[in-house]
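As structure tokens, the structure follows; a few thoughts come after it.
Values quoted throughout were computed directly from the atomic coordinates according to the rules given, and no laboratory measurement underlies them. In this text the structure is predicted, and so the values were computed from the model without any measurement. Because the Cβ atoms are built from the backbone with ideal geometry, glycine has one as well, and the counts that use them run over all protein chains shown.
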Amino acid sequence: MAMFMKPGEDIKDIDKGIKNKWRWAWIEDVGSDGKPFGSWCQKLRQPGACYCTVCARKLMYGTSGEKVLSRHELDPVHKATVRALQHTSRLPGATATADIPPSMTDRVTNLKIRLCSFIVELDLSWRMDF
Ligand SMILES: [Zn+2]
């Protein structure tokens with residue numbers, strides 16, 4: 001069984017008992033950056049969970065539904081990672097069905113670590129100034 005579900009696959013059994021059940025229409029909705037949520041979001045074969053392939057992060061939508069996707073798209077780390085990836089190379093996961101090669105995950109993890117230390121440094125110097 002693949003970790004991700006294919007668009008259109010039956011989610012009834014997976015999302016049984018979940019308040020806000022997954023809808024495949026969500027990944028076709030276009031976010032504020034002009035790209036569909038499916039360009040980074042995949043449905044995990046787990047109840048109430050989907051996955052951001054850019055951040056390599058699991059997102060739980062069971063309570064708030066699609067709002068979780070639009071909110072995650074505005075997450076500063078997500079935005080910075082998308083921007084950084086666009087500058088280095090095209091996203092191979094730009095479609096909802098493409099599998100992300102491991103090297104991409106490694107690169108994203110590297111970027112995230114660098115970004116986190118950058119934020120920490122900024123935060124520290126900011127606090128020292130005031
Ligand atoms: Zn993300």
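Could you put Trp26, Trp40 in order, starting from the residue whose Cβ has the fewest other Cβ atoms within 10 Å? Please list the in-between numbers first.
Working: Trp26 19, Trp40 27.
By the 10 Å Cβ count, ascending, the order reads Trp26, Trp40.
Projecting label points 7 angstrom from Cα along Cα→Cβ for Ala56 and Ser103 puts them 1.5 nm apart. In straight-distance terms, cross-link reach from Lys6 covers every one of the lysines whose alpha-carbon lies under 20 Å from its own, apart from those fewer than eight places away in the same chain; here that gives Lys16, Lys21, Lys35, Lys43, Lys58. With neighbour counts taken as other beta-carbon atoms within 10 Å, the residues Arg83, Arg45 rank, fewest first, as Arg83, Arg45.
Ordering Cys41, Cys55 from the fewest to the most neighbouring beta carbons within 10 Å gives Cys55, Cys41.
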